[in-house]
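Everything below concerns the one structure shown next.
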Amino acid sequence: MRRTRLLSTAALAATTMLALALGACGDDDESTPTTGAGASGAPAAASGPYKIEMADSFPASPTLDEIRSRGTLVVGTKFDQPLFGQQNPTNEELEGFDTEIARILAQRIFGDTDKIEFVETVSKNREPFIQQGRVDVVIATYTINDTRKELVDFAGPYYIAGQDIMVMADETSITSVDDLNGRKVCTVEGSTSEKNVRAEAPDAEVILVDTYSACAEQLTDGRVDAVTTDNVILLGLMAQNEGTFKLVGKTFTEEPYGIGLPKGDDAFRDFVNDTLEIAYENGDWATAFTSTVGVVQKTVPTPPAVDRYSAA
Ligand code: GLU
């Protein structure tokens, strides 16, 4: 718990410093109402560290219509994944790269990063939550793949992770995915991590739980020999439990993170892809990265090109 707070405080401090630095630039655009905001009467000034302006027009999209008439963007995300989506125990605010990407999208839709309702999603309920309309979008370390594309659509990718293995700091017998055969390995139900580890280490005993923080507990207690999922999720768990775990360090998959969307609303998908590209261009994506994942990964990567695939 104590370490959670320390990390959260560091992330918050970084965000605050960035906000101050951006504010100090004296960029006129940040305090001047945008055309779009003025035209619709919605709040105009940027409310966070981001530069992105409210869109000056909106395409015909059922999802966007509903979001705008409701007045909030409903976002499914993880609540217990340090660096990506984690609830700060002191103020209950969600912190992480995924939640910042959500705030950038809200700023483009409403001119206000706060017009968001976050709903907790775990790996296995992301497609159903989108399909049932319980959320407008899912931003939750969510790998784009063809199986999922049969049920939902994806904007992005906005980040590329890779699956890795985390073991106790003093473990020496597991140095690659092959070494998981015959061992107990924890991962999350409904994740690509589950599918990948079953394919790569068919004789591993896979223990499935709902969240990666539950896997970290199982590893600490000695109930499993390893945890496997995306490297950046594991890095977050390591930062939260300093000195306890280590990464094997050999990624064996590519996990492009996308924004999950209702299937077939191509105008909304274009709008979200446009938003990502604006955030790549104007530095907002890098600001979001630096204040979150950047706490453990100092080099800001080049954002991946968005994939405007044609729907099946
Ligand atoms: N990125 C992988 C997935 O979408 C693993 C992480 C997760 O479960 O959120 O399944």
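Based on C-alpha pairs under 8 angstrom that are at least 6 apart in sequence, region 117-199 has a relative contact order of 31 percent. Put simply, the convex hull of the Cα atoms in region 175-287 casts, on average, a shadow of 8.9 nm².
Straight-line cross-link partners of Lys246 among the aspartates and glutamates, defined as a Cα under 18 Å from its Cα and at least 8 positions apart when in the same chain: Asp164, Asp170, Glu171, Asp178, Asp179, Glu217, Asp221, Asp225, Asp230. Applying 1/(1 + (r/R0)^6) with r as the Cβ-Cβ distance of Val296 and Ser69 and R0 = 35 angstrom yields a FRET efficiency of 0.30. Considering only Tyr159, Asn181, Ala201, and ranking their Cα positions along the charge dipole of region 126-226 that arises from unit charges at the beta-carbon of Lys, Arg, Asp and Glu, the one farthest toward the positive end is Tyr159. Region 293-312 and region 190-208 have their alpha-carbon centroids 25 Å apart.
Quick check on packing: order 288-299, 199-210, 183-194 by the mean number of other C-beta atoms within 10 Å, highest mean leading.
Numbers: 288-299: 18.8, 199-210: 15.6, 183-194: 21.7.
Descending packing order for the listed peptides: 183-194, 288-299, 199-210.
Of all lysines in the structure, the ones whose alpha carbon falls short of 23 Å from that of Lys250, not counting any fewer than 8 places away in one chain, are Lys184, Lys195, Lys298.
Charges only on Cβ, +1 for Lys and Arg, -1 for Asp and Glu: so what's the dipole of region 87-153 about the Cα centre, in debye to the nearest 20? Provide the component values of the computation, followed by the final result.
Details: 8 positive and 14 negative charges, 49 e Å.
The dipole of region 87-153 has a size of about 240 debye.
Looking at region 38-191 only, what percent of DSSP beta bridges run antiparallel? Nearest 5 please. Intermediate values should be presented prior to the final figure.
Numbers: 4 of 11 bridges.
Bridges in region 38-191 are about 35 percent antiparallel.
Only the coordinates and a few stated rules stand behind these numbers; no lab work does. Keep in mind the model is a prediction, meaning the values are calculated, not measured. A quick note on method: Cβ atoms are made from the backbone with ideal geometry, for glycine too, and the neighbour counts reach across all protein chains shown.
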